[in-house]
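Colleague: Can you read through this structure? Questions will come right after.
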Amino acid sequence: MGRLTSCEPIKSGIENTNYFVTTTQGRYVLTLFERLPAEELPFYLEFMAHLARHGIPCPAPIADLSDHYLGRLNGKPAALVTRLPGESIERPDAAHCEELGALLARLHLAGRSYSAYLENPRGPKWWRFAAKEVIGFLKKPLQELLERELAFQSEHRFPDLPRGPVHADLFRDNALFTDGRISGVIDFYFAGVDCHLYDLAVCANDWCLAKDSRLDAKRVGALLSAYHSLRPLTEVERAGWPAMLRAAALRFWLSRLHDFHLPRPGMLVHAHDPEHFRRVLESRISAAPPWMD
């Protein structure tokens, strides 16, 4: 790998501790896995390697001399992956959302030939677990909101929606752009098998937000239309769109509540404000969401 020339902490981690590593032969990202179960880690790393081989611009894991992607460092599971060029976009427009939709469709299509299986680790089972952990910290109106939404989601499972490996965390800071094109998709450590529509809902709830937490119709249309051009969306997916947007908002409200009220010590790990996704969830409940033109 060459001689180490620099090792710079990345301060944006929530689940893991990350470093930019530069050697005389290249630039990499070193990840120490702080709390992800060790048995799940091969799924993520092999999935990234699979996507990279299929032309998706994602980090390629670096194997050791025994051809293993996963190692140990300071007593923790660790992996080294290639560092991709580009910068994240703070205020995406319709063109950025169009680029994202096409990339996500390509990712889902490439994932069809990935044979490993891991149920979405932050899916409905985890929602119920996390809700029990955090509900005691909430005031009564928020407790009632959480209980109502869990009940709603338990009645909206949509077993006929197309499924496969999904990124499940493709926020703006996990996509890198160079000259208006996506040059990298990073942080696959929440990936798992779920509805493809769920992946789109996670993206829409972050990339297509207006200032009042509602969805911007132009950006949503660009995201969905670009995706649809490569992997056509079905009428069943259209019918499931409102509930899936609520599911994506619930998942991130719960995870942020959990990180905020039950923090894990870690200098490079920080929690986001849970109120943001509480407002997003309430907005998805109160208003019919836009679809593609």
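Colleague: Please give me the summed charge of the neighbours of Arg83: other residues whose Cβ is under 14 Å from its Cβ, Lys and Arg +1, Asp and Glu -1.
Modeller: On the way: positive: Arg27; negative: Glu8, Glu87, Asp187.
Result for the neighbourhood of Arg83: -2.
Colleague: Let me ask something additional. Using the alpha-carbon atoms, what tilt in degrees (0 to 90, nearest 10) does helix 124-134 show relative to the longest principal axis of the chain?
Modeller: 90
Colleague: Given +1 on the Cβ of Lys and Arg, -1 on the Cβ of Asp and Glu, and no further charges, what dipole in debye does the chain carry about its Cα centre, rounded to the nearest 20?
Modeller: Values: 35 positive and 36 negative charges, 60 e Å.
That gives a dipole near 280 debye.
Colleague: How far, in degrees from 0 to 90, does helix 41-53 lean away from the longest principal axis of the Cα atoms of the chain, to the nearest 10?
Modeller: 80
Colleague: Something else about it: So between Glu155 and Leu73, what do we pick up on full extension, going 0.36 nm a residue minus the alpha carbon distance? If you can, show how the numbers build up before the last one.
Modeller: Working: separation 82, 0.36 × 82 = 29.52 nm, distance 4.39 nm.
Roughly 25.1 nm would be gained on extension.
Colleague: Evaluate the relative contact order of segment 46-161 (contact order divided by residue number), counting alpha-carbon pairs under 8 angstrom at least 6 apart; express in whole percent. Numbers along the way, then the final one.
Modeller: Numbers: 57 pairs, mean separation 22.2, N = 116.
Reported relative contact order: 19 percent.
Colleague: Another one. Enter the angle in degrees (range 0 to 90, nearest 10) between the Cα long axis of helix 94-111 and the first principal axis of the Cα atoms of the chain, meaning the one along which they spread out most.
Modeller: 70
Colleague: Tell me the per residue accessible area of the chain using a 1.4 Å probe; a whole number in Å² is fine. List each step's numbers first, then the result.
Modeller: Working: 13990 Å² over 293 residues.
Ligands and nucleic acids excluded, the figure is 48 Å² per residue.
Colleague: Can I ask one more? Full extension from Phe20 to Glu90: what is 0.36 nm times the residue separation minus their Cα-Cα distance, to one decimal in nm?
Modeller: This chain segment gains 23.1 nm when fully extended.
Colleague: Can you give me the relative contact order of the chain as a percent, contacts being Cα pairs under 8 Å and 6 or more apart?
Modeller: Values: 495 pairs, mean separation 59.8, N = 293.
Across the chain, relative contact order equals 20 percent.
Colleague: Expressed as a whole percentage, what fraction of the accessible surface of segment 19-141 belongs to carbon and sulfur atoms when a 1.4 Å probe is rolled over the protein heavy atoms?
Modeller: Numbers: 3450 of 6550 Å².
Whole-percent figure for carbon plus sulfur exposure: 53.
Colleague: Let me ask another. Working out 0.36 nm times the residue gap between Ile10 and Ser229, then minus their Cα-Cα distance, what length gain in nm do you get to one decimal?
Modeller: Values: separation 219, 0.36 × 219 = 78.84 nm, distance 3.59 nm.
My answer for the length gained is 75.2 nm.
Colleague: Continuing with the same structure: Over the chain, with a Gaussian network built from C-alpha contacts below 10 Å, which listed residue (Leu223, Leu103, Leu142) shows the highest mean-square fluctuation?
Modeller: Leu142
Colleague: Taking loop as defined by DSSP and a crowding limit of 15 other beta carbons within 10 Å, which GluC sites (Glu not before Pro) in segment 98-182 fit? Mind showing how you got there, number by number?
Modeller: On the way: sites: Glu98, Glu99, Glu119, Glu133, Glu144, Glu147, Glu149, Glu155; in loops: Glu155.
Passing both the DSSP loop test and the Cβ count: Glu155.
Colleague: Per DSSP H run of at least 4 residues, take -39500 (n - 2.57); add these up for the chain, divide by its residues and hand me the 222 nm value, nearest 500 deg cm²/dmol.
Modeller: Values: 8 runs with 122 residues, N = 293.
Computed ellipticity for the chain at 222 nm equals -13500 deg cm²/dmol.
Colleague: Provide the packing ranking of 224-232, 175-183, i.e. peptides ordered by the mean count of other C-beta atoms within 10 Å per residue, highest first. Intermediate values should be presented prior to the final figure.
Modeller: Values: 224-232: 18.1, 175-183: 15.8.
Packing proxy ranking, top to bottom: 224-232, 175-183.
Colleague: If you don't mind, another one. Within a Cβ distance under 11 Å of Arg214, other residues only, what is the Lys/Arg minus Asp/Glu net charge? If you can, show how the numbers build up before the last one.
Modeller: Working: positive: Lys211, Arg279, Arg284; negative: Asp212, Asp216, Glu282.
Charge balance near Arg214 sits at 0.
The values are calculated or read from the model by the stated rules, or taken from the named source; none is laboratory data. Since the model is a prediction, treat every value here as computed from it, not as a measurement. Note: ideal-geometry Cβ built from the backbone for every residue, glycine included; neighbour counts use all protein chains shown. All accessible areas refer to the heavy atoms of the entire protein, side chains included, with ligands and DNA or RNA removed. Shrake-Rupley method; radii C 1.70, N 1.55, O 1.52, S 1.80 Å.
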